[in-house]
Structure formats: structure tokens, C-alpha cells
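The values are calculated or read from the model by the stated rules, or taken from the named source; none is laboratory data. Because the structure is a prediction, the values reported are computed rather than measured. Methodologically, a virtual Cβ is constructed for each residue, glycine included, from the backbone with ideal geometry; neighbour enumeration extends over all protein chains shown.
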Amino acid sequence: MRALQAEGVKTIFGYPGGSIMPVYDALYDYTRGEKKCFDHILVRHEQGAAHAAEGYARVSGEVGVALVTSGPGVTNTLTGIADAMLDSTPIVVIAGQVPIGALGTDAFQEVDLVGVSQPISKWSYQIRHAEDVAWAVSRAFYIARTGRPGPVVLDFAKNAQTEEIDWEPMKCNFIRSYVPYPKLDMNAVQKAAELINSAKKPLALVGQGVELGNAQSELIRFLEKADIPAGRTMLGLSALPSNHPLNVGMLGMHGNYAVNLKEQECDVLIAIGMRFSDRVTGNLKTYAKQAKVIHLDIDRSEIDKNVKTTVAVVADCKESLPALTELINENSHQGWRDSFRELDKKEREKVIEPAIHPKEGPLRMGEVVNMVAEKSADDAILVTDVGQNQLFATRYFKYHHKRSICTSGGLGTMGYGLPAAIGATFAAPNRQVCCFMGDGGFQMCIQELGTIMEQHVPVKMILMNNHYLGNVRQWQDMFWMRRKSFTKMLNPCYEAIAQGYGISYQAVTNRKDLSAAVEKMLTTDGPFLLECAILEEDNVLPMTPPGMDVDKMMLEV
Amino acid sequence: MENRKNLYTLLVYSENVAGILNQITAVFTRRQVNIESLNVSASSIPGVHKYTITAWSDEDQILKITRQIEKKIDVVKANYFTDEQLFIRESGLYKLSTDKVLENPEISRTIRRFDAHIIEVNPTYTIVMKHGITEDIISLFRALDTFGCVLQYTRSGRIAVTRGMQEQVSEFLEERENG
């Protein structure tokens, strides 16, 4: 407890069980009365604890904490750990473990946690004795939050939880084998600046690294000085405000049309804190081959992993961006930037307008997102589940405030949305949290409605119900001869479910009722479930089919 | 374009904590690259372990593997080398039938020709040992095998030191401790 306190932990998402009972017994005192220094949020399933910790971390910038028991308790968090690994989210999962004497005996609720979590965590460690606690906990938080952040797993043997020792606080701020912040190489910065200064058609690709490095204003100064248009990855959406004139939209398979095509036309590509995921690059053999590539990243192993770079600047972008800004010339690329407009117009006419302002037919996801974006507060936080809801939501929400998006980008974890929204709410109790989900993903962690009920978490849940696993259905229609194999779903009565949990509920079927319903949701205190009856077979567009060249992006099916 | 495959040697230095080997081999497994040989030992730096790993790969892939390994928290340094950059040794042990060795003087001549040593003889078997590079050790096996005298044969993992002057990690650690 004191080790967690020393790390500044305020909120713990957890679920008790046999092997973690000593910790929970101590927690009893630390969550009430004079000694109170933590809030403990009892989730309804350990996967929920991990995702809530992720949502908390993503919004607060601090380390999210999940506390669970051994065996099934912690295997239930593995999805969240893998998710945090792929999306560079700092969480610490503390799990009970059988006493060391019982290790390897197939004891009740024993699992080789370090063994199973090692490939999907930044660091995984077994605490075998009480005297290791201070060292391991401080090291865990240091590793989780520094450098490229990620999940850390502590496997806490039960005997170590009960042994009594003299407490000696420890603070970890150095590990000799771990270099979280590589030293900025000014030669590389110089080379990058030269490339940028000679560029006629520069294009920046902004990723979550900018948010993780808290370099949002450094980014804007850099872009503005040389007048460089910038696309953002899905996780980087709130690194640059949507309404900034240099923002040219979202990258990727379902991103914006112009920026995808322009990746194949730019002469210098400047990737900042992003990892060239296959969802961004499409076919690597043809991706941006004409461009000189500058890659700014804190993680050396990302350099040349997917896209070969001309110049790599390996450092924290909080440091590298200002250094680069210093050396680049003030410039204007008005003509180049204007050339995006024509394509934007095409996308607006063919895709965006019909999606957000349809005239007839059932409700579409795009218009629901657009309505919530218009009516919610400027600093509202977007949380999404995974699938069509995520793609529509990320495309049509607005981002005016840093750290405004929680979504599972790398692992694509259905069920992420609801618990992550709970975590986001605890990280920013004064900001609206709007959580978009489909009927598939909502049901994957639907038990967390219990947490929402108990804590009266003011999550605004927008359930976009099309009675389909919509994204898979879209692929089946497009690439699998319309054979809709197990994507149609029979749904429960969500109104009855909301009622069961005592959560305010409203259904919208008709377009004319949408505005009032969204308003009601946003003005109602506490949690709210808004169920929208959505066009069943809608498609997310535009789209670059998987593995295709990014400039083969389709505006229509 | 087909990338050319080479035999690369990785030298990995890590802290002395449990579970590192698992993490290192997992990086290979994930990419379906077979480890040809593996040797783990202490290094010249107290508390630092040295892994010598060989694998067939192309340069692009071995670079990615090396960086993924170096990224592990308790790995101090990882680098890859081609054979020209290293001083390399392996050992071979050959258990021969003593009867066959006595029957055919050509066997003893072969052992001497390969600069191998007989390290134990008893009425049933003879143990021969050879140090050298991979090819020589395999060649000796092939030569002995033609006489039908080999009862058992095993080859060690590769050990290697760089042709540079210093253990490459000492500078890094010095910089980390003092910087």
C-alpha cells in the first residue's frame, strides 16, 4: 500500500480473490477513514479492470492500476495487457500468486503468470518476498510510465504479501540496461531539417507519441513554422485539434481520402510518434515510395521496422520537435495544401454528407456521432469500442482538447469501450465521456454496467445497434461473396437491461428524435444509455481494402 | 527481390535475472527464425551474462530481431555480426568404437590430420575432441563416419568474441553509470 502511495496512485480498479486477500485486507484501511488515500473501483470482471486502467491512463497521462487475484483473475486481464502493449498505454497489473512454496505444484488458481505475460508486457516480474515489494513496485511504475510506455505485470506471491519487514521506501529512476529517453542526435536533426527545408510537398503523420510525450504545442509550432499539412493516426487524433488549419484528417484504411492519396505524392514524409501500422500503410511495397522519410520516434526498434527511413531521429518528441523547429525555415506550402481541398470536396460529397446528413432511410452511425459531437462539450472525451462504431466515431467526432480519445487501435479489442469509459471518467471527472459501442462489443463487457451502477459513473453510452457484427459483415459483403457467416445477431431488450441496472435509457428510431435524445442524454446526471436503431447494412467508407495500395482507396462500394 | 540469407551471430548481454532466455528466444520464435546454436555464459563484466546465438537470416530481419531483443528491459546490449567480424570457436565430441579404431589405422591418421585430440580411451570406446570452426568439426565427423566407427557425436554451441579491443558493453555501462 505504501509503495503504491509513494507512486502517487489514486485510483485502483480491481477484483479480489484468494491469493490477493492480504492486499485487499490492507486496502480496507487505506480506502476509508483517516488512512484513506485510494479509491478502489470494484469491477465486474477482471478484463474490465485492465481496460478501465487503460482508459484512466490514456486520459490522465498517469499509470493506470489493476489489482486482481491469481489464476483466472489475472488471465482475464491478459487481453487488456496485450491491448496496452500494442497501444503503448502505461498500466501496472498487480496480481496475487500462490505462496512460493506452492509454485510449480499446479496449486489451486496457480498460473505461470510471468511466463504467459512476458511476450505481451513491457516488464513482468514475480515478487517472491516482502523485501522485494518496494523495489519491484517502484521499478514497475518507472518502466510503465517512462520511454515508450507500456503494461507492467507484478506477480505477487501470497507469502510476500504477509511477511513482515521494516519498510524502506524506494524510488526507481534509473535502470542501467534500460534507456527510456535516447540522447538526441543533432546530426540527424540537422539532416531532417535540411530535407524539410528543401521539401516542396511535405506531409506530417502525427501519432500518439505526441500525446504520450506531451508535445502537442511543440507539434503545432513545428507544423506552423514550415506550414506542413498533417494527418493523424487514430490514436493520435487529439494530438492536433480537428479545427487546426494544418490538420488534413485521419490516416489509414478508413481515414480521410485526401491524406491517403497524398501519402503517395508528397516528397518528404515526416512521421512523428507513429509506427506505420499496416492499417495506415496498406501495401508496404508501394507505400510512399516517392518520398524521403523522416521518422521521429522514442523507440529505436520502430525505425525501419515497416517503412525504410531516410533520416531517423530517435528521441522523445518533446525534445526532438523543438530542436527540429529551431533549424527549419519559415515556409509556405499554400499550393500543396490547397491541392488537398479538391479531394476533400470529393470525399465530402460522396461520403461525408450522406453519412452525417442523410435525408431518408434508417439512422446512420455517422449522423449519430456527428450529433453527439455537435452537442457535447468542447473537451468531451471520445471512447469507442471496436468495429464500425469505432470507425464512424473516430471519423466524425471532434477533438479540441489533448488526450480526448480512448480506442483500441492496435489489438482491436471488442469489449474495450465500456470499461475504458469507466476509467476515463475517473481520470477526468469534470469532462463528458461519450462512449460509442456496437451491439457486439457492448455485450462483450456488458457486465461493467454493474460497476457503472454502483459507482454512478456518468458515462454517456451510445449503443449503435444494427443487429450485426457490422464490420465483419461489411468485409463479408465486399470480399467474401456476401456470405454473411454468423454476423447477424439476435439482441436482448437493452431497455430492460438498463432498467435492471437502474441506468437512464432512451431509444431513437426516427431521425427527427435524434437531436432531443442526444440532448437529454448529455443533460441527464449520471450514466445514460442511448440506443440508436441503425441502418442494418451500412458500410464504413472510404476504405482501402486490406493489403492494397493506399491510393486505391475507394469512396464507394 | 529475394533477400540473401547469411549466418549471423548475435551477442546479447543481459543482467543476471531469471527469464531472459525465454524473452530472447521468443523474439526468434515469433518470426519463425530457427536458432542454430546458443551458448550462455558469464561475461568479463561482473553480473552480466553473455548469450551467443547463431541464426540464418537476412540482414533486415536480423536487425529487427536484434532491436526487439535489445528493447527488453534487462537486456543491456544486443548486436549482430557476420563471421568475419568475430573470432569464433566451437567444439565437437566424437565417441568411437575402440575396436574399430584399432582395426583401421586410417582412423588415427584422420584424427591427427584434423588436429583433434584423443581425450579418453578404454577397451570399449575412445573419446575424441576437436575445437575449431563449424565446418572443420562437421568435416571430421563426416570423415570418421565413413569408417563406420562413430558411436556418438555432438557439437557445442558457438562461442565468439569480437575482433574489437574491448567487451563492447563496458563502454556503454560506464556511460550509463557516470552519465
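Counting only residues that are within 14 Å of another protein chain (Cβ to nearest Cβ), surrounded by 21 or more Cβ atoms within 10 Å (Cβ to Cβ) and not acidic (Asp, Glu), give me the helices (runs of 4 or more DSSP H) lying completely in region B:1-108 with at least 1 of them.
Working: elements: B:20-30, B:59-70, B:98-103.
Answer list for region B:1-108: B:20-30, B:59-70.
Yes/no matrix, rows are residues, columns are (1) crowded, with 24+ Cβ neighbours inside 10 Å; (2) more than 14 Å from every other protein chain (Cβ to nearest Cβ); (3) touching a His at 6+ places or on another chain (Cβ under 9 Å):
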site	(1), (2), (3)
A:ARG176	no, no, no
A:ASP185	no, yes, no
A:GLN190	no, yes, no
A:GLU194	no, yes, no
A:LEU203	yes, yes, no
A:LEU212	yes, yes, no
A:THR105 meets each of (1) within 14 Å of chain B (Cβ to nearest Cβ); (2) surrounded by fewer than 21 Cβ atoms within 10 Å (Cβ to Cβ); (3) of a type outside the set (Gly, Ala, Ser) with one exception, condition (1)
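Test A:PRO245 against the criterion of being more than 14 Å from every other protein chain (Cβ to nearest Cβ) and under 16 Å from A:VAL210 (Cα atoms), and give yes or no. Can you show your working first?
Working: more than 14 Å from every other protein chain (Cβ to nearest Cβ): yes; under 16 Å from A:VAL210 (Cα atoms): no.
Considered against the rule, which asks whether it is more than 14 Å from every other protein chain (Cβ to nearest Cβ) and under 16 Å from A:VAL210 (Cα atoms), A:PRO245 comes out as no.
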Please determine, by comparing only the residues of region A:288-301 that are in a loop (DSSP other than H, G, I, E, B) and more than 18 Å from A:ALA199 (Cβ to Cβ), which one is nearest to the other protein chains (Cβ to nearest Cβ).
-> A:ASP299
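When the residues of region A:120-142 are narrowed to those that are of a type in the set (Ser, Thr, Tyr) and part of a helix (DSSP H, G or I), which ends up surrounded by the fewest Cβ atoms within 10 Å (Cβ to Cβ)?
To start, the set of residues in region A:120-142 that are of a type in the set (Ser, Thr, Tyr) comprises A:121, A:124-125, A:138, A:142.
Checking which are part of a helix (DSSP H, G or I) leaves us with A:138, A:142.
Values: A:SER138: 18, A:TYR142: 22.
Among residues in region A:120-142 that are of a type in the set (Ser, Thr, Tyr) and part of a helix (DSSP H, G or I), the one surrounded by the fewest Cβ atoms within 10 Å (Cβ to Cβ) is A:SER138.
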In region B:153-179, residue surrounded by the fewest Cβ atoms within 10 Å (Cβ to Cβ) [restricted to those that are more than 20 Å from B:ASN39 (Cβ to Cβ) and away from chain A (no Cβ under 14 Å)] = B:MET165
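Search region A:302-313 for residues being within 11 Å of another protein chain (Cβ to nearest Cβ) and not β-branched (Val, Ile, Thr), and hand back the single one that is nearest to A:LEU219 (Cα to Cα).
Just the residues of region A:302-313 that are within 11 Å of another protein chain (Cβ to nearest Cβ), to begin with: A:302-306, A:308.
In the following step, the residues that additionally are not β-branched (Val, Ile, Thr) were identified as A:302, A:304-306, A:308.
Values: A:GLU302: 20, A:ASP304: 23, A:LYS305: 24, A:ASN306: 23, A:LYS308: 23 Å.
So the residue we want is A:GLU302.
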Across (1) in contact with an Asp or Glu (Cβ under 6 Å, 6 or more places away or on another chain); (2) buried (at least 16 other Cβ atoms within 10 Å of the Cβ); (3) within 14 Å of chain B (Cβ to nearest Cβ); (4) not acidic (Asp, Glu), A:VAL152 clears everything bar (1)
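Being assigned to a loop (DSSP other than H, G, I, E, B) and either under 12 Å from A:LEU237 (Cβ atoms) or in contact (Cβ under 8 Å) with a residue 60 or more places away in the chain (or both) is the filter here; which residues of region A:406-419 pass it? Even if it seems obvious, please write down each step before you answer.
Filtering region A:406-419 for residues assigned to a loop (DSSP other than H, G, I, E, B) gives A:407-416.
Hits for region A:406-419 are A:THR407, A:SER408, A:GLY409, A:GLY410, A:LEU411, A:THR413, A:GLY415, A:TYR416.
Select the helices (runs of 4 or more DSSP H) contained entirely in region A:346-405, then report the ones holding at least 3 residues which are within 20 Å of A:MET437 (Cβ to Cβ). Show your work before the answer.
Details: elements: A:353-356, A:365-375, A:388-396.
Of the helices (runs of 4 or more DSSP H) lying wholly inside region A:346-405, those with at least 3 residues that are within 20 Å of A:MET437 (Cβ to Cβ) span A:365-375, A:388-396.
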Hey, A:MET464 part of a helix (DSSP H, G or I), of a type outside the set (Val, Ile, Thr), touching a residue at least 60 places away in the same chain (Cβ under 8 Å) and under 30 Å from A:LEU42 (Cβ atoms) or not = no
Test A:GLN264 against the criterion of being over 27 Å from A:LEU411 (Cα atoms), away from chain B (no Cβ under 14 Å) and not acidic (Asp, Glu), and give yes or no.
-> no
Any idea which of (1) within 24 Å of the chain's Cα centre (by Cα); (2) in a strand (DSSP E or B); (3) within 12 Å of chain B (Cβ to nearest Cβ) is the one A:SER117 doesn't satisfy?
-> (2)
Could you please let me know if A:ASP166 is within 13 Å of chain B (Cβ to nearest Cβ) and at pLDDT below 95?
-> no
Residues of region B:134-156 satisfying the condition of being in a loop (DSSP other than H, G, I, E, B) and among the aromatic types (Phe, Trp, Tyr) = B:PHE147
Residue within region A:300-316 that is touching a residue at least 24 places away in the same chain (Cβ under 8 Å) and in contact with a Cys (Cβ under 9 Å, 6 or more places away or on another chain) present = no
